[in-house]
Every structure is written in structure tokens, then in C-alpha cells.
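K.L.:
Below are the C-alpha cells for one structure; questions will follow.
The values are calculated or read from the model by the stated rules, or taken from the named source; none is laboratory data. Predicted model, so just to flag it, every value in this text is computed and none were measured. Every residue, glycine among them, receives a Cβ derived from its backbone with ideal geometry; neighbour counts consider all protein chains shown. Quick note on the areas: whole protein, heavy atoms, side chains included, nothing else; ligands and nucleic acids left out. Shrake-Rupley method; radii C 1.70, N 1.55, O 1.52, S 1.80 Å.
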Amino acid sequence: MTRSLEPDPQRLLDAHAAANEFYRARLLSEPRALAYLRSRGIVAAVAHTPPWTLGYAPRGWTHLHDHLREAGYTDEELLAAGLVTPTGNGNLIDVFRNRVTFPIRNPDGHIVAFTGRDLSGRANTPKYRNTATTAIYRKSELLYGLSEQLGGDTQPAAVMLVEGPADVVAVARLRQSLGADQYRRPYTAVAPCGTALTAAQVARLTEAVPPGTPIVVAFDPDNAGHAAAEKAYTLLCNWPGPVDAIALLAGTDPAELIAHGRASAVQTMEQSRRPLADLLVDQRLSRYRLDEIPGRFAALHAAAPLVVDIAARDPAHAARLSAHLATRLDLNPLTIFEAVYPPADDAEPTDYAAPAPDDSPVDPPNRSAAMPLGGAGFPHPEIVGHQYARVCPPAAPATAWVQHDPVTGHTAWVLAEGVADAPGDRDAARIAAEVAGRAAVLIGARRAVELARTALNAHFAQPGTRRGDAAITVLTSFDGEQPTLGRRPFTVAWAGDITAYGTTSSQFTSLTASHNLRAHARRQDPAAASMAGDAALTASVRGGGTIGVNRIDTPLHQIVLVGRALAHTDPGTIRRAVEWRSPAKAIRHLAELSDTAAALAIRPRPDRVVPALTAAQLARQDQTANSKPPQPALSARAARLALPAAPARHTPTR
């Protein structure tokens, strides 16, 4: 038996070209097809002419089949092209009947398939029908509208991903009918061909547009559109440019917007455009009842993985989304933070060898100033690997926080203090210190200050909260935003006038520049006289302003963070109080300078490598360090995620 040969691909391309001319010749004489196009914002003059060449497949079973047979094509060729299909009795009938046809072109511009939109309105008839996979067409590899609009020297202002071919043609019409004053950022729309977006389609799009071209997703606001948007986000996470979305109202799509008014459609699309991730977060929240506590927490857990994914690439964007979640869900900012950056799961306990004894002389702890360490928010120095001590008297509107990451072995020290001694400012210092402390070991000092700023803005935006603000300084035992194992230069970031000092073998120097009017005036004129209001801040956590950052490349024997009570103290006085003293003794001497002095003293130990501890060991240390139960980090709410305890309010050791 002789095996039939595969049809020549060129014959299949020619058959599609002939079929398109057949359909195209019938479009302008079919009122229902023209009415459908008008309802989608498409005029016949645009649809019928290149580059689109839309057509109409007439009613009847074999009109195209008969026409192409007369033109010399065999049944085998028409079957292989996907233009006809067999019935149960073996007869061949047209695939597209009573449909508006949209030709699909390959990168070379040849028609290889069709999408047909039904005009019958019958309930059991699919609205769209697409050519099946053939030797010249795989729908997962092509985007409708790509060949017609992109390629060569074309550089679109933005590419819009839409669901249907009618949306593509309608959006293209905007560029032809509106001037630059009305349509300043024209879109070039493309659509998947009867399938959800695929990696192959994204690859073709990447080849067709310059790097940095924005992508704007405008899928229908229904369940199918939501699923398509989620998949698009996954495929576009590494797109070399912005990935935005247009939040359409229920029951609308781009073509319908354009049909109701071109200028108003452009305005609506611009006003509703935002990052795709933001749209997906809100879509996930919309699945739950946010007027009930269980619904709010279920919504948080649904949205948190998306924010986690964003945080790995854009911490600032993740911080903004965290603030948005806190506001939408009416939850504590720290609750949001714990959902985005959950503590590591407890691992099997490992043997922990205590560090070698410190050979340098250590003064006995001052029993009137130094506070006990080892509680939640203050891991024991033997765990941290750097000796430190702190003081935060109740009279000071300040909070200190120390966070150690057992995975990387790095530590963050934070001192935050209210801009005034008011309840709201005390709240601000407490929130900022804990948020920044927990975040700094994960995303670095500067990003931690940014996150604290976002958390405060979200917290104080909630109804019934006091007004508050704080200054903050964050010190990390590594540089940059990605902590890695091993020794790294320390980094300090700050907003406000909490000062960091460092001591070398021969120098005592400030590591920060105060963000207040006095410091600003002295930078302009070192001889400037003091004036009333010099203490006013030019930057703070909530008030905004520049976040200072200093990467400390010089090895330091000691680092001291001193609060606002000592902001105007002569640096020589600070030096005499701390230089060549252990952290505990340095804290005692600083406390003697002011009854409201808040401070952290750290003795870096770059020569010491601390074994990693499991989260379980850290938790046990927190639980057993103090007999007095710790207070909650923020004001209590009816329900919230379980958080590790905030720093306990210790009284000075007597």
C-alpha cells in the first residue's frame, strides 16, 4: 500500500490566502457582520483593508470547500490546512460558517489560520472558533496582531495584551482616529489565539519590541480573565520593562469601551492603569468577605505569596503593597509583615558550641542603666556574635530592637525615637523599630527604613489612630540589600537625628549626618549661630525626606547609636563616655548624661564566626530569658496572626 505524501506547506499557505480573499469579498455585503463590527468599535473601512483584511464566512455547509475545489485544491490539502472538517457520514464541510473571520498571520506575514466569531447567537454554538493545529500553525506560538503591527523599526509606546482579536483591531483604530494631544501614549494591542498566554508567545513578543517596552494587560474582568491575568504575571515576571494592567469594569473589554467613545476610552484606560501585581492583589482580596475577621485573614494569606514574590525583585513595591493590605484589611502593619516574611520553620535542633570567651577586659554591667539581654527582640550577644548593650528609659519615647538571622548569621540593631514625647510618637517609635528590625536582616538597612516608613503611613491612616512620627537609625552587619553568609562591611541607614558614632584605633567619628535644621544650617555655614527651632527634623520615618546611607568599610572597635536626647551633645563628651569601654559600661556612662538618653552600644567582632541557630533555639531563648511576659508589639485587635513577642519593657536591674 502506497503511503500518501504530506501536503506541500506552500500549498497550505496558498489555500489560506485564497480562503481569506473568499471571506473578505463577502464582508461588506453582510449587514450582520458590519453591525457586529460597529458594536466593537470597528468601522468597515478599517476591517476590510490591509493590514487586517477581515471577512465573513457565509451560512451554508460547503461554500468555501466548493470554491477552493474549483480553484484546484484537493480535499487532502483542505483537510491538512484546517479549512474543512469531516462529518459523521464522511462528507467534508466548512470549518467556519456564519462567522466574522480574523486572519492569523505568521512572522513572515503569511495567513496560516483563522479565528471566527459566531453571528448566529445560538446557545449551543461556541462564540469563537479557531483553526486546529496544522503543519503550518500552532496557536500557542502566535499572537494575533503581532505581524500586522510590529517588526522592523516599529517601537510601540506600550504593548497591550487583550483577550480577543476584535479588541486588537479596535485599539489599532485609536491610533488612526485620535490626535497626539488626545492619545499621548498609544497602545499596540495583541491577543493570544484561542489560548491563554504562553511562554512561546512571550518569547515572540520579546523579539518584536525593544527592551524596556511596557506591557499592559487588559483581560476581561471575569473568572477566565482573572485566571489569564494570573498566568500572564507568572510568564511576564522577568519582562525587561514595566508590567501594568488596566482594571476594567465588570462586563466590559477594550473594544466595548472604544465603541462607546474613543476619547473617553483612552481616558478610562489611562486612569485605571496600574501595576499588574496591584490588580492581582485586589483580585485575590475580592474572593473573600472583608467585613469579617476570618475573611480578612484568609484574604491576607491569599495575597501574601504574591507580595513575597514581588519582594524578591522590588522590595519598595512590596512595601507599598504591604501598606495597601494593612489599609484594605484593617490589620496591624506587623501582621502584614509577618505574613510576607514569616519566621523560618523550626528545624531539628543542632548542637551549639558557645563562642570562645572574650579575652578583652569587660566591666561589670551597670545595674542602674544597662538592660538585660536575651529577651524577644534582644538575642543574647553570644548568639549574635557581637557584644552589645542598650538603654531605653521609660521617660524616653524611644524603642530599641535587635534582630538576628540564624540562617545568614547577620544582625540588625535599630533605635527609633518619637519626634516628641506624645502617645502617637511613642507608638510610631515602637512600630518603626520592630518593622525595621525584623526587615533589616532580610532586605538591608535602607530598605528597612523604607518599609518602616510605609508601615507608619499605613498605620496612622487607619481611623481612630493618633498622629505620630519618629526618627530612626538602622545598623546591619552586612552591606546592600541581599545578606550573604560571611563577614561583610557594616551599613547604617537613618532618617532623623539619631546619631551613630564609630571608634577606630585612633579616631572617633560620626557615621550619620543629622536630619535637622541645625545640622543643615551648619553644613551651609559652620559658624552659623544656634536658633530657635534648630531641632526641627528635615527627614523622619513618616514625614519623609532623604534616607541617609553609609557603608562602613573601615573596621571599627565600637559603634554607638544615641537617641535624640543626646543629639546636641558635644561629640567629645560622647567619646569620653564610650571610648575604650565595654558596651555595658559605655551604656552606663551615656545614661549618666541624660535621664532620657536612649542608646545602643555595639562591639563588632569580625573575627568571630557564630554557628547558625535554628528558629526553635531562638524561640526557646526568647521564652526563657525573662520571667515577666512580654507586652504585645502594637495595640491589641480582635484577631490577628500570631506574632513573635515585641520587646519587653524591662525595668533597670537593681
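K.L.:
Solvent-accessible area of Lys139, probe 1.4 Å, all protein chains present, reported in Å² to the nearest ten, please.
P.N.:
We get 80 Å² for Lys139.
K.L.:
Using only Cα atoms, locate the centre of the range 425-484 and the centre of the range 263-300, then give the distance between them in Å, rounded to an integer.
P.N.:
One Cα centre to the other: 26 Å.
K.L.:
What are the ³J(HN,Hα) values, in whole Hz, obtained from phi via the Karplus relation 6.51 cos²θ - 1.76 cosθ + 1.60 with θ = phi - 60°, for each residue of the range 482-490 in sequence order, with x given for Gly and Pro?
P.N.:
For the range 482-490, the Karplus curve yields 10, x, 10, 4, x, 6, 9, x, 5 Hz.
K.L.:
Per residue, how many Å² of accessible area does the range 77-135 show with a 1.4 Å probe?
P.N.:
44 Å²
K.L.:
Run the 1.4 Å probe and let me know the accessible area of Arg32, rounded to the nearest 10 Å².
P.N.:
80 Å²
K.L.:
Quick one: if you stick a label point 7 Å off each Cα along the C-beta vector at Ala123 and Trp580, how many nm between them?
P.N.:
9.5 nm
K.L.:
Considering only protein heavy atoms, what per residue accessible area in square angstrom results for the range 369-502 with a 1.4 angstrom probe? Intermediate results must be reported in sequence, preceding the final value.
P.N.:
Working: 3590 Å² over 134 residues.
Per residue, the range 369-502 has 27 Å² of solvent-accessible surface.
K.L.:
Over the range 20-175, with every protein chain in place, what whole percent of the accessible area is carbon and sulfur at 1.4 Å, could you tell me?
P.N.:
48 percent
K.L.:
State the extension gain, in nm to one decimal, for the chain segment bounded by Asn106 and Val308, taking 0.36 nm per residue of separation less the distance between their alpha-carbons.
P.N.:
Length gained between Asn106 and Val308: 68.9 nm.
K.L.:
Taking the Cβ-Cβ separation of Ala263 and Ala44 as r and a Förster radius of 22 Å, what is the calculated FRET efficiency to the nearest 0.05? If you can, show how the numbers build up before the last one.
P.N.:
Working: r = 21 Å, r/R0 = 0.98.
It comes to 0.55.
K.L.:
Let me ask something else about it. Under a point spin-label approximation (7 Å from Cα along Cα-to-Cβ), what is the Ala157-Ser505 distance to one decimal in nm?
P.N.:
Between Ala157 and Ser505, the label points sit 6.3 nm apart.
K.L.:
Given axes a ≥ b ≥ c from the Cα gyration tensor, I'd like to know whether the range 401-493 is rounded (a/c under 1.5), prolate (a/b larger than b/c) or oblate.
P.N.:
Because a/c hits 1.5 or more and a/b exceeds b/c, the range 401-493 counts as prolate.
K.L.:
Between Ala513 and Gln10, what FRET efficiency comes out of the Förster formula 1/(1 + (r/R0)^6) with R0 = 60 Å and r the beta carbon distance, rounded to 0.05?
P.N.:
Working from the Cβ atoms, E equals 0.25.
K.L.:
Right, here's the next one. Roll a 1.4 angstrom probe over the protein heavy atoms and tell me the percent of accessible area of the range 416-495 that is carbon or sulfur.
P.N.:
C and S atoms contribute 51 percent here.
K.L.:
Efficiency by 1/(1 + (r/R0)^6): what FRET value for Ala71 and Ala199, r their Cβ-Cβ distance, R0 = 30 Å, to the nearest 0.05? Write out the running numbers ahead of the final one.
P.N.:
Values: r = 38 Å, r/R0 = 1.27.
The computed FRET efficiency comes out at 0.20.
K.L.:
Mind giving me the nanometre distance, one decimal, between the label points for Lys231 and Arg551, set 7 Å out from Cα along Cα→Cβ?
P.N.:
Going from the Lys231 label point to the Arg551 one covers 4.3 nm.
K.L.:
Hey, what's the range 186-253 come to in accessible area per residue, 1.4 Å probe, Å²?
P.N.:
Accessible surface, normalised per residue, equals 38 Å².
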